[in-house]
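This report concerns only the one structure given below.
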Amino acid sequence: MPVSPTYPKVAALGGGTGLSSLLRGLKHFPVDISAIVTVADDGGSSGILHRELKVPPPGDIRNVLVALSGAEGLFRDLLQFRFSSDEGHHYLDGHSMGNLLLTAMFSLTDGNFVKAVENMGKVLNIKGRVYPACPTAAILHAELEDGRLVTGESQLAFQGSRIHRVFFDHDTHAEPQAVHAIEQADLIVLGPGSLFTSVLPNLLLPEIADAVNRNEHADKVYICNLMTEHGETDGMTASQHIQAILDHGISKVSKVIVNDEAIPEDALQRYAEEEAQPVDNDFAKLADMGIEVIPSRIADLRDGTVRHDPIKLAAAVYAIALGKV
(Lines give C-alpha, C1' and ligand atoms only; values in the text may rest on other atoms or scores of the structure.)
Protein backbone atom coordinates (compact mmCIF):
# COMPACT_ATOMS: atom_id res chain seq x y z
CA MET A 1 0.00 0.00 0.00
CA PRO A 2 1.56 3.34 -1.05
CA VAL A 3 2.64 5.68 1.74
CA SER A 4 1.21 9.19 1.61
CA PRO A 5 3.91 11.85 1.20
CA THR A 6 4.84 13.84 4.29
CA TYR A 7 4.70 17.53 3.50
CA PRO A 8 6.52 20.05 5.67
CA LYS A 9 4.14 21.91 8.00
CA VAL A 10 4.37 25.67 7.59
CA ALA A 11 2.73 28.04 10.09
CA ALA A 12 2.60 31.55 8.63
CA LEU A 13 1.73 34.45 10.94
CA GLY A 14 0.75 37.93 9.83
CA GLY A 15 -1.96 39.92 8.15
CA GLY A 16 -2.56 42.58 5.55
CA THR A 17 -1.48 42.10 1.95
CA GLY A 18 1.98 40.74 2.81
CA LEU A 19 0.84 37.42 4.24
CA SER A 20 -1.65 37.02 1.39
CA SER A 21 1.12 37.49 -1.14
CA LEU A 22 3.22 34.71 0.43
CA LEU A 23 0.26 32.32 0.62
CA ARG A 24 -0.81 33.01 -2.96
CA GLY A 25 2.50 31.50 -4.04
CA LEU A 26 2.90 28.89 -1.30
CA LYS A 27 -0.35 27.10 -2.19
CA HIS A 28 1.36 25.88 -5.38
CA PHE A 29 4.07 24.03 -3.39
CA PRO A 30 3.77 20.66 -1.58
CA VAL A 31 3.46 22.05 1.95
CA ASP A 32 0.89 21.77 4.72
CA ILE A 33 -0.21 25.38 5.35
CA SER A 34 -1.64 26.91 8.50
CA ALA A 35 -2.22 30.66 8.31
CA ILE A 36 -2.63 32.54 11.60
CA VAL A 37 -4.11 35.97 10.94
CA THR A 38 -4.38 39.09 13.10
CA VAL A 39 -7.82 40.45 13.99
CA ALA A 40 -6.65 43.85 15.27
CA ASP A 41 -7.76 45.91 12.25
CA ASP A 42 -10.13 48.74 13.17
CA GLY A 43 -10.19 50.76 9.95
CA GLY A 44 -12.36 50.82 6.83
CA SER A 45 -14.94 48.13 6.16
CA SER A 46 -13.54 45.80 8.84
CA GLY A 47 -13.82 48.45 11.54
CA ILE A 48 -17.37 49.37 10.57
CA LEU A 49 -18.56 45.75 10.55
CA HIS A 50 -16.96 45.15 13.93
CA ARG A 51 -18.52 48.23 15.51
CA GLU A 52 -21.97 47.76 14.01
CA LEU A 53 -22.37 43.97 13.83
CA LYS A 54 -19.81 42.85 16.44
CA VAL A 55 -18.01 40.54 14.02
CA PRO A 56 -14.20 40.38 14.46
CA PRO A 57 -12.53 42.40 11.70
CA PRO A 58 -12.82 40.20 8.58
CA GLY A 59 -10.63 42.03 6.07
CA ASP A 60 -7.26 40.34 6.63
CA ILE A 61 -8.97 36.96 6.96
CA ARG A 62 -10.77 37.54 3.67
CA ASN A 63 -7.54 38.35 1.85
CA VAL A 64 -5.88 35.19 3.17
CA LEU A 65 -8.87 32.98 2.27
CA VAL A 66 -8.88 34.38 -1.27
CA ALA A 67 -5.10 33.88 -1.56
CA LEU A 68 -5.41 30.19 -0.61
CA SER A 69 -8.56 29.56 -2.63
CA GLY A 70 -8.76 27.12 -5.51
CA ALA A 71 -11.38 29.43 -7.01
CA GLU A 72 -9.77 31.67 -9.57
CA GLY A 73 -10.82 34.37 -11.96
CA LEU A 74 -14.33 35.74 -11.72
CA PHE A 75 -15.19 34.16 -8.36
CA ARG A 76 -12.05 35.59 -6.77
CA ASP A 77 -12.84 39.01 -8.24
CA LEU A 78 -16.35 38.76 -6.80
CA LEU A 79 -15.07 38.25 -3.27
CA GLN A 80 -12.69 41.20 -3.58
CA PHE A 81 -15.33 43.44 -5.20
CA ARG A 82 -15.81 46.63 -3.19
CA PHE A 83 -19.05 48.57 -3.36
CA SER A 84 -19.05 52.26 -4.22
CA SER A 85 -21.71 54.76 -5.26
CA ASP A 86 -21.46 58.02 -7.17
CA GLU A 87 -22.61 59.99 -4.14
CA GLY A 88 -20.16 58.22 -1.84
CA HIS A 89 -22.51 57.81 1.12
CA HIS A 90 -24.45 54.61 0.41
CA TYR A 91 -24.49 52.22 3.37
CA LEU A 92 -22.59 49.60 1.32
CA ASP A 93 -19.85 52.00 0.24
CA GLY A 94 -16.38 50.68 1.06
CA HIS A 95 -17.51 47.17 1.95
CA SER A 96 -16.13 44.21 0.03
CA MET A 97 -18.35 41.28 -0.92
CA GLY A 98 -15.98 38.91 0.92
CA ASN A 99 -16.27 40.89 4.16
CA LEU A 100 -20.07 40.78 3.92
CA LEU A 101 -20.06 37.04 3.25
CA LEU A 102 -17.83 36.40 6.26
CA THR A 103 -20.15 38.54 8.38
CA ALA A 104 -23.13 36.52 7.16
CA MET A 105 -21.31 33.27 7.97
CA PHE A 106 -20.54 34.67 11.44
CA SER A 107 -24.29 35.05 12.01
CA LEU A 108 -25.04 31.59 10.60
CA THR A 109 -22.60 30.04 13.08
CA ASP A 110 -24.21 31.86 16.04
CA GLY A 111 -21.27 34.20 16.47
CA ASN A 112 -18.52 31.58 16.24
CA PHE A 113 -15.91 33.41 14.15
CA VAL A 114 -13.46 30.49 14.04
CA LYS A 115 -16.20 28.24 12.65
CA ALA A 116 -17.28 30.96 10.22
CA VAL A 117 -13.73 31.14 8.83
CA GLU A 118 -13.55 27.36 8.59
CA ASN A 119 -16.84 27.23 6.68
CA MET A 120 -15.73 29.96 4.28
CA GLY A 121 -12.56 27.97 3.67
CA LYS A 122 -14.68 25.00 2.61
CA VAL A 123 -16.81 27.19 0.32
CA LEU A 124 -13.66 28.58 -1.31
CA ASN A 125 -11.89 25.20 -1.48
CA ILE A 126 -8.76 26.61 0.12
CA LYS A 127 -5.46 24.78 0.42
CA GLY A 128 -4.56 24.54 4.10
CA ARG A 129 -6.25 26.06 7.12
CA VAL A 130 -6.86 29.63 8.22
CA TYR A 131 -7.22 30.61 11.88
CA PRO A 132 -7.86 34.01 13.42
CA ALA A 133 -5.12 34.61 15.96
CA CYS A 134 -7.84 35.06 18.56
CA PRO A 135 -11.56 34.28 18.29
CA THR A 136 -12.64 37.83 19.19
CA ALA A 137 -11.56 41.28 18.08
CA ALA A 138 -8.48 42.78 19.73
CA ILE A 139 -7.91 46.53 19.99
CA LEU A 140 -4.28 47.43 19.33
CA HIS A 141 -2.55 50.14 21.39
CA ALA A 142 0.88 51.65 20.93
CA GLU A 143 3.37 53.54 23.04
CA LEU A 144 5.32 55.98 20.88
CA GLU A 145 8.95 56.92 21.42
CA ASP A 146 7.85 60.39 22.55
CA GLY A 147 5.80 58.75 25.34
CA ARG A 148 2.33 59.25 23.88
CA LEU A 149 -0.19 56.39 23.85
CA VAL A 150 -2.31 55.72 20.74
CA THR A 151 -5.40 53.54 20.46
CA GLY A 152 -6.42 51.80 17.22
CA GLU A 153 -4.40 50.05 14.53
CA SER A 154 -5.60 52.52 11.90
CA GLN A 155 -4.16 55.49 13.86
CA LEU A 156 -0.61 54.28 14.40
CA ALA A 157 0.94 55.55 11.17
CA PHE A 158 -0.16 59.17 11.52
CA GLN A 159 1.39 60.28 14.80
CA GLY A 160 4.71 61.79 13.72
CA SER A 161 6.72 59.65 16.14
CA ARG A 162 8.31 56.23 15.96
CA ILE A 163 6.53 53.35 17.66
CA HIS A 164 8.25 52.01 20.78
CA ARG A 165 5.93 49.07 21.41
CA VAL A 166 2.44 47.77 20.70
CA PHE A 167 0.20 46.05 23.23
CA PHE A 168 -3.32 45.00 24.16
CA ASP A 169 -4.72 46.70 27.27
CA HIS A 170 -6.66 43.66 28.51
CA ASP A 171 -6.21 39.89 28.57
CA THR A 172 -6.67 38.55 25.06
CA HIS A 173 -6.36 34.82 24.47
CA ALA A 174 -5.27 33.01 21.34
CA GLU A 175 -7.34 30.56 19.32
CA PRO A 176 -6.25 27.08 20.54
CA GLN A 177 -6.15 25.62 17.02
CA ALA A 178 -3.74 28.37 15.97
CA VAL A 179 -1.52 27.56 18.95
CA HIS A 180 -1.58 23.85 18.08
CA ALA A 181 -0.59 24.57 14.45
CA ILE A 182 2.43 26.53 15.65
CA GLU A 183 3.43 23.77 18.07
CA GLN A 184 3.34 21.18 15.26
CA ALA A 185 5.05 23.30 12.59
CA ASP A 186 8.32 22.45 10.89
CA LEU A 187 8.70 26.07 9.82
CA ILE A 188 7.29 29.22 11.44
CA VAL A 189 7.15 32.23 9.14
CA LEU A 190 6.68 35.81 10.35
CA GLY A 191 5.71 38.33 7.70
CA PRO A 192 5.98 39.88 5.28
CA GLY A 193 3.73 42.80 6.11
CA SER A 194 3.44 45.88 8.29
CA LEU A 195 5.68 45.15 11.26
CA PHE A 196 3.73 46.78 14.09
CA THR A 197 0.20 46.33 12.76
CA SER A 198 0.26 42.97 10.93
CA VAL A 199 3.12 40.86 12.33
CA LEU A 200 3.50 41.86 15.97
CA PRO A 201 -0.21 41.76 17.00
CA ASN A 202 -0.13 37.96 16.64
CA LEU A 203 2.87 37.75 18.97
CA LEU A 204 1.19 39.85 21.66
CA LEU A 205 -0.98 36.85 22.47
CA PRO A 206 0.99 35.00 25.20
CA GLU A 207 -0.08 31.55 24.03
CA ILE A 208 1.17 32.24 20.50
CA ALA A 209 4.50 33.70 21.61
CA ASP A 210 4.97 30.76 23.99
CA ALA A 211 4.17 28.24 21.24
CA VAL A 212 6.71 29.87 18.90
CA ASN A 213 9.36 29.85 21.62
CA ARG A 214 8.66 26.25 22.73
CA ASN A 215 8.89 24.78 19.23
CA GLU A 216 12.62 24.11 19.12
CA HIS A 217 12.35 21.91 16.02
CA ALA A 218 11.03 24.62 13.71
CA ASP A 219 13.10 27.26 11.98
CA LYS A 220 11.74 30.73 12.83
CA VAL A 221 12.00 32.78 9.65
CA TYR A 222 11.29 36.48 9.26
CA ILE A 223 10.52 37.72 5.75
CA CYS A 224 11.79 41.26 5.71
CA ASN A 225 9.79 43.98 4.04
CA LEU A 226 11.16 45.42 0.82
CA MET A 227 10.47 49.05 1.75
CA THR A 228 10.08 51.01 4.95
CA GLU A 229 6.60 52.29 5.78
CA HIS A 230 6.19 55.98 6.57
CA GLY A 231 4.86 56.47 10.07
CA GLU A 232 5.61 52.92 11.12
CA THR A 233 9.15 51.79 10.24
CA ASP A 234 10.86 54.96 8.98
CA GLY A 235 14.60 54.34 8.64
CA MET A 236 14.47 50.92 10.29
CA THR A 237 17.04 48.38 9.10
CA ALA A 238 16.46 44.65 8.73
CA SER A 239 18.10 43.99 12.10
CA GLN A 240 15.90 46.61 13.76
CA HIS A 241 12.80 44.90 12.36
CA ILE A 242 13.96 41.66 13.96
CA GLN A 243 14.90 43.39 17.21
CA ALA A 244 11.31 44.64 17.46
CA ILE A 245 10.11 41.03 17.16
CA LEU A 246 12.52 39.96 19.91
CA ASP A 247 11.39 42.87 22.07
CA HIS A 248 7.79 41.67 21.76
CA GLY A 249 8.32 38.25 23.29
CA ILE A 250 10.04 36.03 20.73
CA SER A 251 13.25 34.48 22.02
CA LYS A 252 14.88 33.66 18.69
CA VAL A 253 14.64 34.35 14.96
CA SER A 254 16.89 31.87 13.18
CA LYS A 255 16.72 33.08 9.57
CA VAL A 256 15.74 36.17 7.62
CA ILE A 257 14.86 36.36 3.93
CA VAL A 258 15.89 39.70 2.44
CA ASN A 259 15.52 41.07 -1.05
CA ASP A 260 18.59 40.87 -3.30
CA GLU A 261 17.01 42.41 -6.38
CA ALA A 262 17.83 45.92 -7.59
CA ILE A 263 14.91 48.37 -7.49
CA PRO A 264 14.67 50.72 -10.51
CA GLU A 265 15.51 54.37 -9.91
CA ASP A 266 12.10 55.63 -11.07
CA ALA A 267 10.37 53.42 -8.51
CA LEU A 268 12.73 54.61 -5.78
CA GLN A 269 11.88 58.21 -6.61
CA ARG A 270 8.15 57.56 -6.42
CA TYR A 271 8.50 55.86 -3.05
CA ALA A 272 10.75 58.65 -1.80
CA GLU A 273 7.86 61.05 -2.39
CA GLU A 274 5.91 58.90 0.10
CA GLU A 275 8.89 58.99 2.50
CA ALA A 276 9.61 55.29 1.96
CA GLN A 277 12.93 53.70 1.05
CA PRO A 278 14.38 50.20 0.63
CA VAL A 279 15.01 48.46 3.94
CA ASP A 280 18.76 48.47 4.63
CA ASN A 281 19.98 44.87 4.87
CA ASP A 282 22.62 45.48 7.53
CA PHE A 283 24.37 42.14 7.10
CA ALA A 284 27.08 42.69 9.72
CA LYS A 285 24.58 43.46 12.47
CA LEU A 286 22.41 40.48 11.47
CA ALA A 287 25.48 38.23 11.66
CA ASP A 288 26.28 39.63 15.13
CA MET A 289 22.75 38.67 16.18
CA GLY A 290 23.40 35.07 15.05
CA ILE A 291 20.78 35.21 12.30
CA GLU A 292 21.31 33.40 9.00
CA VAL A 293 20.62 35.79 6.12
CA ILE A 294 19.08 34.40 2.94
CA PRO A 295 19.38 36.99 0.14
CA SER A 296 16.80 36.21 -2.55
CA ARG A 297 15.46 37.81 -5.71
CA ILE A 298 11.91 38.10 -4.38
CA ALA A 299 10.70 41.47 -5.70
CA ASP A 300 7.88 42.05 -8.17
CA LEU A 301 8.68 45.35 -9.84
CA ARG A 302 5.92 45.51 -12.42
CA ASP A 303 3.66 48.54 -12.79
CA GLY A 304 6.12 50.80 -10.97
CA THR A 305 5.31 49.27 -7.59
CA VAL A 306 7.61 47.35 -5.25
CA ARG A 307 6.04 44.26 -3.72
CA HIS A 308 6.92 40.64 -3.01
CA ASP A 309 6.55 38.23 -5.90
CA PRO A 310 4.35 35.38 -4.61
CA ILE A 311 6.09 32.54 -6.45
CA LYS A 312 9.66 33.76 -5.90
CA LEU A 313 8.95 34.31 -2.21
CA ALA A 314 7.20 30.97 -1.78
CA ALA A 315 10.12 29.20 -3.48
CA ALA A 316 12.54 30.74 -0.97
CA VAL A 317 10.33 29.59 1.92
CA TYR A 318 9.87 26.12 0.44
CA ALA A 319 13.64 25.67 0.11
CA ILE A 320 13.96 26.18 3.88
CA ALA A 321 10.95 23.93 4.62
CA LEU A 322 12.47 21.06 2.64
CA GLY A 323 15.32 20.88 5.09
CA LYS A 324 12.95 20.23 8.00
CA VAL A 325 11.44 16.89 6.91
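The values are calculated or read from the model by the stated rules, or taken from the named source; none is laboratory data. Predicted model only: the values in this text are computed from it and were never measured. Every residue, glycine among them, receives a Cβ derived from its backbone with ideal geometry; neighbour counts consider all protein chains shown. Quick note on the areas: whole protein, heavy atoms, side chains included, nothing else; ligands and nucleic acids left out. Shrake-Rupley method; radii C 1.70, N 1.55, O 1.52, S 1.80 Å.
Going through segment 166-184 one residue at a time, which ones are farther than 19 Å from H141 by Cβ, open to solvent by 40 Å² or more (accessible area, probe 1.4 Å) and either in contact with a helix residue (DSSP H, G or I) (Cβ under 6 Å, 6 or more places away or on another chain) or free of Cβ contacts under 8 Å to residues at least 40 places away in the same chain (or both)? Passing the criteria: P176, H180, E183. Taken over segment 75-113, the criterion of being open to solvent by 60 Å² or more (accessible area, probe 1.4 Å), hydrophobic (A, V, I, L, M, F, W, C) and at pLDDT 75 or above is satisfied by L78, F81, L101, L108. Among residues that are open to solvent by 70 Å² or more (accessible area, probe 1.4 Å) and over 15 Å from V189 (Cα atoms), A262 is included. May I ask you to verify whether D247 is open to solvent by 50 Å² or more (accessible area, probe 1.4 Å) and either among the aromatic types (F, W, Y) or in contact (Cβ under 8 Å) with a residue 24 or more places away in the chain (or both)? For D247, the condition - open to solvent by 50 Å² or more (accessible area, probe 1.4 Å) and either among the aromatic types (F, W, Y) or in contact (Cβ under 8 Å) with a residue 24 or more places away in the chain (or both) - is met. Checking D260, D266 one by one, the residue that is in contact with a Lys or Arg (Cβ under 7 Å, 6 or more places away or on another chain) and without any contact (Cβ under 8 Å) to a residue 60 or more places away in the chain is D260 and no other.
State yes or no: is R270 of a type in the set (K, R), surrounded by 11 or more Cβ atoms within 10 Å (Cβ to Cβ) and within 24 Å of the chain's Cα centre (by Cα)? So R270 fails the test. When P295 is tested against (1) in a helix (DSSP H, G or I); (2) in contact (Cβ under 8 Å) with a residue 24 or more places away in the chain, exactly one condition is not met: (1). When D60 is tested against (1) charged (D, E, K, R); (2) surrounded by 16 or more Cβ atoms within 10 Å (Cβ to Cβ); (3) at pLDDT below 85, just one condition goes unmet, and that condition is (3).
Residues that are within 30 Å of E232 (Cα to Cα) and assigned to a loop (DSSP other than H, G, I, E, B) within segment 117-141 comprise A133, C134, P135, T136, A137, A138, I139, L140, listed in sequence order. Can you tell me which residues in segment 270-286 are among the charged types (D, E, K, R) and assigned to a helix (DSSP H, G or I)? Matches in segment 270-286: R270, E273, K285. Taken residue by residue, segment 292-308 has at least one member that is over 28 Å from V31 (Cβ atoms) and not charged (D, E, K, R).
Of all residues in segment 185-208, those being open to solvent by 10 Å² or more (accessible area, probe 1.4 Å) and more than 13 Å from the chain's Cα centre (by Cα) number 4.
How many residues are under 14 Å from A142 (Cα atoms) and part of a helix (DSSP H, G or I) when one looks only at segment 231-246? Final tally of qualifying residues: 1.
A116 falls short of the stated requirement of being buried (at least 19 other Cβ atoms within 10 Å of the Cβ), within 14 Å of G59 (Cα to Cα), modelled with pLDDT of 95 or more and not β-branched (V, I, T). So which residues in segment 287-303 are more than 21 Å from V253 (Cα to Cα) and open to solvent by less than 70 Å² (accessible area, probe 1.4 Å)? Correct list: A299, D300, L301. Residue-level analysis places D42 among those that are touching a Ser or Thr at 6+ places or on another chain (Cβ under 6 Å), modelled with pLDDT under 80 and in a loop (DSSP other than H, G, I, E, B). For segment 269-280, residues that are among the charged types (D, E, K, R) and either touching a Leu at 6+ places or on another chain (Cβ under 6 Å) or without any contact (Cβ under 8 Å) to a residue 12 or more places away in the chain (or both) total 1. Residue check: I311 meets all listed conditions (1) touching a Gly at 6+ places or on another chain (Cβ under 9 Å); (2) assigned to a loop (DSSP other than H, G, I, E, B) but one, namely (2). Against the list (1) aliphatic (A, V, I, L, M); (2) assigned to a helix (DSSP H, G or I); (3) closer than 30 Å to E275 by Cβ, the condition V114 fails is (3).
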